[in-house]
Amino acid sequence: MSVGLRLTILGIGAVFFILVYGLLIKKKVSERLTLLWSFVALVAFIFVLFPRLLNRLANWADVSYPPALLFLVTILLLMLLVMYQSTQISVMDQRLREVGRAVALLRHEVTRLRNLSVLDNHLQINVNGGPTDRETEFTE
Amino acid sequence: MKTLIAIPAYNESKNIADVLHALKSFRTSADILVVNDGSLDDTEAIALACGVEVVSHPCNMGYGAALQTAYQYATVNGYDEVIQFDSDGQHNVADLSVLIAASAEEQSLDVVLGSRFLGDRSFDPGSGKKQVIWFFRTVIWLLTRQRITDPTSGLRLIRRRVFSHYAGFNRFPNDFPDADVIVDVLLRRWQIREVPISNTRRLQGRSMHAGLRPLVYVFKVILSIFVVVMNVRRDGGR
């Protein structure tokens, strides 16, 4: 690997790092996911800084073309990440439905209580033969 | 016995009034609840005009989610049994008395299922649906050794012990609570009985099982049954 290529990859990695931590500061990505992305970037950094490590690993895994091993590891990491995101979406979906149900039931309860209070007001008017304090307040 | 008739409805403005009028003319002490599942048409307004209780989801969340809302409502408001009734006019109001009678007759029952195959022997749901029903009948029998003739029937009476359990978070399928729920109920050793009901076709509008959806339905329910079996084994049917 030439020095120029290594520097380019290092530069891309650094930009990626800054981007992820920028998103974290803006609260657009969670701490947990930042850790995960940092781990991915760290693995990439290690291979750029120690390119022979990849050759050694490829020899050990009996892979004749070392970059193929790098692609394999990258694809596996990305698949893991996508799977994690899928689980998060499913969890969010369940929670969202629960919140939706709670909103629907609470809205129904509010309407029922509001109707009851209107009815209560009417009853008070009939019993007292005049407007209640609340009615007077509204008319004034 | 405090009974709630729960009607999940999504874009059923053409059918809901007829269904509600039929239910109201049926002499029963049961309360009626329409769960409007984020309809884009006038379903909510029509149901309110009919003088029944209406709970409206803020957006469309699925048939199962609507039923779960009804279970939560019934749990909070102290109902003893919930009768699920479709909003498309497929169910015959007269069949309610069959379900209620079966429930009153056998106090140990937890679920009463309406079966279209026990009533009218000539009932033909169509070749595709017939195969799906046969498939799920077989699956239920293999898993529970119990014979259920109509695993896709939507007309069901459910007692408090069961609906209060399914009212809990993440305990009920969101889309198609059919054979998977029956398997779950049977594996938990709750008592089910099927009673004969009649069948009519939906009055107007589009079915939620139209188009390619039956295929999705089959695979989703198979997966859901798998999840049910694994979970019941894990928690010992508690």
Kindly put B:Y217, A:Y84, A:Y65 in sequence by how many other C-beta atoms sit within 10 Å of each C-beta, fewest to most.
A:Y65, A:Y84, B:Y217
Give the shape of the protein assembly as shown as rounded, prolate or oblate, defined through the alpha-carbon gyration tensor: a ≥ b ≥ c are the square roots of its eigenvalues, a/c under 1.5 means rounded, and otherwise the shape is prolate if a/b is larger than b/c and oblate if not.
oblate
Residue (of B:V227, B:I197, B:A47) at the positive-pole extreme of the protein assembly as shown, dipole from beta-carbon charges
B:V227
In peptide B:54-60, how many Cβ atoms from other protein chains are near each Cβ within 10 Å, on average?
5
In whole angstrom, how far apart do the alpha carbon centroids of the stretch B:45-101 and the stretch A:47-108 sit?
41 Å
Dividing the mean separation of Cα pairs under 8 Å (6+ apart) by the residue count of chain A yields a relative contact order in percent of 12 percent
Can you compute the helix-only [θ] at 222 nm over the protein assembly as shown? Use -39500 (n - 2.57) per DSSP H run of at least 4 residues, normalise by all residues, nearest 500 deg cm²/dmol.
-20000 deg cm²/dmol
Close lysine pairs (chain B; alpha-carbon distance under 22 Å; 8 or more apart or on separate chains) counted at 4
First check a/c for chain B, with a ≥ b ≥ c the square roots of the eigenvalues of its C-alpha gyration tensor; if it is under 1.5, answer rounded, and if not, answer prolate when a/b is larger than b/c or oblate otherwise.
rounded
Ignore the peptide's own chain and count Cβ atoms of other chains within 10 Å of each Cβ in B:64-73; give me the average, rounded.
3
State the volume of the convex hull built on the alpha-carbon positions of the stretch B:4-129, expressed per residue in Å³ and rounded to an integer.
131 Å³
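The numbers here are math on the coordinates, done by the rules we state, and not lab data. This is a predicted model, so every value here is computed, not measured. When we count neighbours, we look across all protein chains shown, and the Cβ atoms used for this are built from the backbone with ideal geometry, even at glycine.
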